[in-house]
Amino acid sequence: MAPKKHSGFMMFVNEWRDRNAEGRRMTIAQAVSHCGSIWEKMTVQQRGPYNSGAKDADVRERAKTERLNCHGQAVSQVELAQREAAESLMHMKRTIERIVMDAKRSHDLENTKFVFAAFNFFTKAVNADIYVPAEFAACEYSLKEGIRSIYSSLIDPGQIIFGQGSDAKHHSSTTHNLPLPPNALGEKNMAKLYRNIVGYLAKCQGDQLIVFTPSENITMVKSCFQYLACEDEDDARDGGQRIQVFDIQYLLFILKKEVLDIAGLPDESINKFVTDAFFTKDFFEFTPEIACQFHEENDRTKYCTQSMVTRWAYTFSDFMCGDLAITVQPGKHIPPKTKPSYRIIPSDASSLAPDSSFDSFYSLPGSRVKKENQSRDTSPTGSRRSVASSSYAPTDHTAFTADLNEVGEFPSLGGRRPTRAAGVSAERNTGAWNLPRHSRPLQKLSDNDFSVNGTEKKNQK
Ligand SMILES: [Zn+2]
């Protein structure tokens, strides 16, 4: 609301009331009507001082009141906050670019170390960015060596924010599943934990402590560091600000661009959206045995911070080691062991070529499993092998390939079918649905294995 304007007439009324005893006895309304008759008879010159006094009062008023936005916040404060946010974002981007460019200039990009960090939290304050940490993990990574070291700890903050027990319970049960305080596990001394973390980061990077985390978690990770730092008297000055938290997705984007530049590959198809999509795909989401013991046992490895930082490292290796011709080592660049059912089998070499830099590790030449699979297909295992199933190579998991006109593709429960057709269709269906390849080869299945279809069995007998 704009401040009320002063009028010359009211200035005159106030002055008149101050000067005359009878005026002080009058109410405002009486004084106004009394002064109205005097004001009418006054000349412009006589009214002048009052009018200019009113104007001065307006200016003074305007200068001292703050303009507010529709939420009642001072506009200048909001603008300042916005400017600071924009500046810190710019600072982050410039710093990431500088780190990568410096490394590239000294021909040492593949040995440059980065630290990825992640927090889980119990609860967040309703109207402030205060998070109560539950688990922390950091991982030291370079393209050449993959994961160099990992720091991981569960955190017992002792208490959670008053009145947020239900929220915390819900958050925990839907994500990391860690027991809430007072039953929480792990490190109880926040100050000690903070010193340990700072010590670990300093060992990895020296003076400048920078950790990388996904864009959406930056605020949370910053706040968790502050939470730990505020109980540390020695380090209270820095208030957790000593550790800078940067965007891992922007790092991936810049790194990928420079890596392609070094490798002399075209990078027109690389932009932030492409690298973000690759990162958020989280290809290694179900990798076993990379989480902490608690999360392995509780089957919540996806939410385990140790698993997260490890997966980010795998994602980085997967995305860039191929371009730099770095040999990937299991356990450092890629999961220590892979389950056969995870493998994605490319249909043929031609489908790989156009976007080879987007393929995941499993489609890199070294790990291609196409050959063994094909040789298995062509081995003579049964007289009723159909041409369709042997030449079939799964490409798309979402597409269902079947001949709608062929009756055999859709077995009806009570329907009568020749035995031979049943065999062919069973085999074709397994191919078409692209079921995971199990240790038991599909070819060895006999009709009797399909015991779901009871009526069919009877017909055969
Ligand atoms: Zn964990």
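Any read-out appearing in this document is the output of simple, stated calculations on the displayed coordinates, not a laboratory observation. Bear in mind the structure is a predicted one, so any value in this text is a computation, not a measurement. Cβ sites come from the backbone with ideal geometry, for glycine too, and all protein chains shown count toward neighbours.
Report the paramagnetic label zone for residue 5: residues of the range 18-58 whose backbone N is under 15 Å from a point 7 Å from Cα along the Cα-to-Cβ axis. Inside the label zone: 51-58. From least to most packed, judged by other beta carbons within 10 angstrom and beginning with the fewest, 308, 90, 26 follow the order 90, 26, 308.
Among 6, 34, the ranking by other beta carbons within 10 Å of each residue's beta carbon, starting with the fewest, stands as 34, 6.
The Cα atoms of the range 1-88 give a gyration tensor whose axes a ≥ b ≥ c have a/c of 1.5 or more with a/b greater than b/c, which makes the shape prolate. Going 7 Å from the Cα of residue 289 toward and past its Cβ, which residues in the range 146-187 have a backbone nitrogen under 18 Å from where you end up? The answer is 147, 150, whose backbone nitrogens lie closer than 18 Å to the label point.
Treat every Asp and Glu Cβ in the range 88-333 as -1 and every Lys and Arg Cβ as +1, leave all other atoms uncharged, and give the resulting dipole magnitude about the Cα centre to the nearest 20 debye. Walk me through the numbers before you get to the answer.
On the way: 25 positive and 33 negative charges, 44 e Å.
Roughly 220 debye for the range 88-333.
Classify the range 165-304: rounded, prolate or oblate, from the alpha-carbon gyration tensor (a ≥ b ≥ c, eigenvalue square roots; a/c under 1.5 rounded; otherwise prolate if a/b is larger than b/c)? Oblate, since a/c reaches 1.5 and b/c is not below a/b.
For the listed residue pairs 93/256; 144/272; 222/257; 113/144; 113/302; 93/257, the alpha carbons are over 19 angstrom apart in 144/272; 222/257; 113/302.
Scaling against 2.2 N^0.38 Å puts the C-alpha radius of gyration of the range 88-333 at 1.02.
Among 7, 269, 317, 152, what is the fewest-to-most ranking by other Cβ atoms within 10 Å?
With the sparsest Cβ surroundings first, the list reads 269, 7, 152, 317.
For residue 272 and residue 107, the FRET efficiency from 1/(1 + (r/R0)^6), where r spans their Cβ atoms and R0 equals 22 Å, is about 0.25.
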